[in-house]
Amino acid sequence: MTPAIRSATLLAALGAGWLTASYFGLTDVDRSPVYGFFITALLGFGLYASTSGIEIAEFRKELRTVVIAVTLGVLAKVALVFGAMFFVFREPNHLILAVAVAQIDPLSVAAMRAKSRMSESAKALLSAWASFDDPITVLLTVYITAFALRGGAVGGVGSFAVNLVLNLALAGVAFMLWTLVRGRVRRAEAGGRAVRYAVRAVMVVAVLALGFVAVQYALLLALALLGLFFRPNLGRWVDGLAEAGMLLAIAAVGLVLADEFSWALAGVGAVLGVAAFGAQAVVAFVLTVPRRWRGDRLRLALGQQNGLTAIILALLLEPRFPGSIAVVAPAVVVVNLLHAVTNGVYDRLSPVPPPVAVPSGRETASAKARREREPNKPAREPSRGPKRVPRVPLNPAVPHVASAYRVKRTP
């Protein structure tokens, strides 16, 4: 799906939700318990889908940088976005909006990964960053922000700690279950088609059961951890379902926007989008100070994208903070527009790196490090020793007469 077709599809889903709410006169949709469970389930599935697509080897290699990015990096982005919003509007409640857009959309990152000119290490960093800052942002939204604003039912640090322990407990139970069955799953995957499909179906049911418990009790971090190890081999089904979830979330936005939209709030959302994009640039430049990121530093700084998580967080916040979706939805549009324009301009201005010549056999560690550190520098042709002079084939038209005798050497 091209970016133009994808954008048109998302706008069509938004319009469908808007027209449905207008035609049937639906108001206060976001206050329905069924609506709240549905949105929370979409958010949980988005977190599971994002972490289940991470390459574990790449994740381990960039673990230190990822941990800094999804902890201190997310907090720094929230502080920068809120600082910009408070400087313009002098409204403390905009802290909740800053948290809602502080993450990077993993689905958008996955879509642009194949076309990106970043090195493989930078792609791994951005993918893991986008996948794991989602649950951190959810925890910030539900607990820390509500505690700071004193507007929720959260009891403070104690409740936050209890919920964190429950998340880890549910993820631990799922991991023990996986350790008991993973040997049988691997043997089943090597067997016949009927056995493979039956095992995958059982695993899907187990994931759905764990997901229902996580959504029912708001243990969404457990779903993100679950995606690291409990992975039914469903091929592209997970990505397809994630795209469908994005369309459903956009339609849900339309249901709420039909009653909430205003040009004034859209202007606030535009400022929020610019602040979120700028905050990513600042944090990415700080995180990529080491020399090995020199060739990818600017592309990581222009990597901010928002999507499913920001929209669903806004939908969850709407009952308690009216107008959230009317601000966050335009902010998402502005962020993605800035991402497309800035990366397109940078691609035009920067030279296309030549193809890297890799010698036959395994690439040495030093050569790989040099290639990732200086992606625009052409690789040297490997030395293959002296060239051999090709043998001139005999002309078949001229008969070749073999010697009938040997010349005896003189003593």
Task: Pair list, Cβ under 6 Å, 6 or more apart: region 226-255 residue outside any loop (DSSP other than H, G, I, E, B), other residue surrounded by fewer than 16 Cβ atoms within 10 Å (Cβ to Cβ) and not basic (Lys, Arg) - done: Ala251/Ala16
Open item on the list: Being over 18 Å from Gly73 (Cα atoms), among the aliphatic types (A, V, I, L, M) and under 22 Å from the mean Cα position of the chain (by Cα): is that true of Leu298 here?
Closed with: no
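From the list Ala275, Ala270, Ala326, which residue is more than 30 Å from Lys123 (Cβ to Cβ), in contact (Cβ under 8 Å) with a residue 12 or more places away in the chain and outside any loop (DSSP other than H, G, I, E, B)? Walk me through how you get there before you give the answer.
On the way: Ala275 fails: more than 30 Å from Lys123 (Cβ to Cβ); Ala270 fails: more than 30 Å from Lys123 (Cβ to Cβ).
None of the others qualify; the one that does is Ala326.
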Task: Among the residues listed as Val204, Val101, the single one being surrounded by 15 or more Cβ atoms within 10 Å (Cβ to Cβ) and either within 18 Å of the chain's Cα centre (by Cα) or modelled with pLDDT of 90 or more (or both) - done: Val101
Task: Residue list for region 30-40, restricted to those being surrounded by fewer than 19 Cβ atoms within 10 Å (Cβ to Cβ) and of a type outside the set (Ser, Thr, Tyr) - done: Arg31, Pro33, Val34, Gly36, Phe37, Phe38
Open item on the list: Every residue in region 256-267 that is assigned to a helix (DSSP H, G or I) and either surrounded by fewer than 19 Cβ atoms within 10 Å (Cβ to Cβ) or of a type in the set (A, V, I, L, M, F, W, C) (or both), please.
Closed with: Val256, Leu257, Ala258, Asp259, Trp263, Ala264, Leu265, Ala266, Gly267
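Just for region 329-352: of the residues that are among the β-branched types (Val, Ile, Thr) and part of a helix (DSSP H, G or I), which one is surrounded by the most Cβ atoms within 10 Å (Cβ to Cβ)? Don't jump to the end; show me each part of the working.
Narrowing region 329-352 to residues among the β-branched types (Val, Ile, Thr): 332-335, 341-342, 345, 352.
Subset that is part of a helix (DSSP H, G or I): 332-335, 341-342, 345.
Numbers: Val332: 25, Val333: 19, Val334: 21, Val335: 27, Val341: 11, Thr342: 17, Val345: 11.
Applying the filter and picking the extreme gives Val335.
Out of the helices (runs of 4 or more DSSP H) lying entirely within region 1-81, which hold 1 or more residues that are closer than 30 Å to Leu257 by Cβ?
Working: elements: 3-24, 33-52, 56-61, 63-68.
By residue number, 3-24, 33-52.
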- [ ] Among what's in region 10-41 and is modelled with pLDDT under 85 and within 20 Å of the chain's Cα centre (by Cα), pick the residue that is farthest from Leu228 (Cα to Cα).
- [x] Leu10
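The values are calculated or read from the model by the stated rules, or taken from the named source; none is laboratory data. It should be emphasised that the depicted structure is a prediction, and the values quoted were computed from it without experimental measurement. Cβ coordinates were reconstructed from backbone atoms using ideal geometry, including for glycine residues, and neighbour counts include every protein chain displayed.
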